[in-house]
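A.B. asks: Quick one: the structure is below, and I'll ask about it shortly.
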Amino acid sequence: MGRTVFKRTFLIFLQTSRLPGKFKLRPYYIMRYLTFIELFPTFNPPKTLIMEKQLEEIRDQQKASWNKFSPGWKKWDELTMDFLKPMGDEIIKSIQPNGKDKVLDIAAGTGEPGLTIAGMLDGGSVMITDLAEDMLVVAKENAAIRGVTNVEFKAADVCELPFPDNSFDAISCRMGFMFFPDMQLAANEMLRVLKPGGRLATSVWDGPEKNIWI
């Protein structure tokens, strides 16, 4: 088989190995592909594959950083949460959680505004997520201290949320959006898991022209 034909065949393999509706590749296929280009160094990798690898590297670096500094967040949690409370209050005001709502709190860190939202529900629940497991450990401790029981905790990448379509009545995300490696993909995932007619509110430090992360 000629090299050109082999390249085309391999590209077809990569394309058909994507999950339905997902324009990205899984780590397994990335490793298979990286092995391939080591054997065939003149092969030009697809831009989507390069971007996927870069996004995963950014995500892994962020996860390691948040886990490393979680003890500091725990130490200064009360001060930090007081400072961020006005932003959380505006998010809550926007999504108006009530009754039996199922709410998803993304990039919740040590638990806010998810824990406050949980206390507003009567028969509803909050799924508190963050990329860093160690931050969620602090969130669980805060929930126990406050006696909040209608919450669940799950380490999750916002660009690949582990929930079915149309799962939540509302979504909150306080001061996390600007850190997402692929903001468009993150927004798409939020909308995917949000029920039709659901409410979504997020906050960032400032507009793109003044926010170094955007």
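The values are calculated or read from the model by the stated rules, or taken from the named source; none is laboratory data. Just so it is clear, the structure is predicted and the values come from calculations on it, not from any experiment. Neighbour counts run over all protein chains shown; Cβ positions are idealised from the backbone, glycine included.
A.B. asks: Residue by residue through the range 76-88, note down the ones that are out of contact with any Lys or Arg (no Cβ under 6 Å at 6 or more places or on another chain) and crowded, with 18+ Cβ neighbours inside 10 Å.
C.D. replies: Within the range 76-88, the first condition is being out of contact with any Lys or Arg (no Cβ under 6 Å at 6 or more places or on another chain), and the residues that meet it are 76-86.
Correct list: 77, 81.
A.B. asks: Next up: Condition (residue is within 21 Å of the chain's Cα centre (by Cα), part of a helix (DSSP H, G or I), acidic (Asp, Glu) and exposed (fewer than 14 other Cβ atoms within 10 Å of the Cβ)) applied to the range 60-75: is it met by at least one residue?
C.D. replies: yes
A.B. asks: State yes or no: is residue 91 of a type in the set (Val, Ile, Thr), at pLDDT 90 or above and surrounded by fewer than 18 Cβ atoms within 10 Å (Cβ to Cβ)? Outline the logic, then answer.
C.D. replies: Numbers: of a type in the set (Val, Ile, Thr): yes; at pLDDT 90 or above: yes; surrounded by fewer than 18 Cβ atoms within 10 Å (Cβ to Cβ): no.
Against the criterion (of a type in the set (Val, Ile, Thr), at pLDDT 90 or above and surrounded by fewer than 18 Cβ atoms within 10 Å (Cβ to Cβ)), residue 91 does not qualify.
A.B. asks: If you scan the range 142-163, which residues turn out to be closer than 13 Å to residue 110 by Cα and without any contact (Cβ under 8 Å) to a residue 24 or more places away in the chain?
C.D. replies: 144, 145
A.B. asks: Of everything in the range 119-138 that's touching a strand residue (DSSP E or B) at 6+ places or on another chain (Cβ under 6 Å) and surrounded by 21 or more Cβ atoms within 10 Å (Cβ to Cβ), which residue is nearest to residue 73 (Cα to Cα)?
C.D. replies: 136
A.B. asks: Is one or more of the residues making up the range 164-175 hydroxyl-bearing (Ser, Thr, Tyr), within 28 Å of residue 61 (Cα to Cα), surrounded by 16 or more Cβ atoms within 10 Å (Cβ to Cβ) and without any contact (Cβ under 8 Å) to a residue 60 or more places away in the chain?
C.D. replies: To start, the set of residues in the range 164-175 that are hydroxyl-bearing (Ser, Thr, Tyr) comprises 167, 172.
Those left that are additionally within 28 Å of residue 61 (Cα to Cα): 172.
Then keep just the ones that are surrounded by 16 or more Cβ atoms within 10 Å (Cβ to Cβ); that gives 172.
From the residues that got through so far, the ones that are without any contact (Cβ under 8 Å) to a residue 60 or more places away in the chain too are none.
Within the range 164-175, none of the residues are hydroxyl-bearing (Ser, Thr, Tyr), within 28 Å of residue 61 (Cα to Cα), surrounded by 16 or more Cβ atoms within 10 Å (Cβ to Cβ) and without any contact (Cβ under 8 Å) to a residue 60 or more places away in the chain.
A.B. asks: Ok, one more. Of the numbered conditions (1) under 25 Å from residue 77 (Cβ atoms); (2) of a type in the set (Phe, Trp, Tyr); (3) touching a residue at least 40 places away in the same chain (Cβ under 8 Å), residue 205 satisfies every one except a single condition; which is it?
C.D. replies: Residue 205 satisfies every listed condition except (3).
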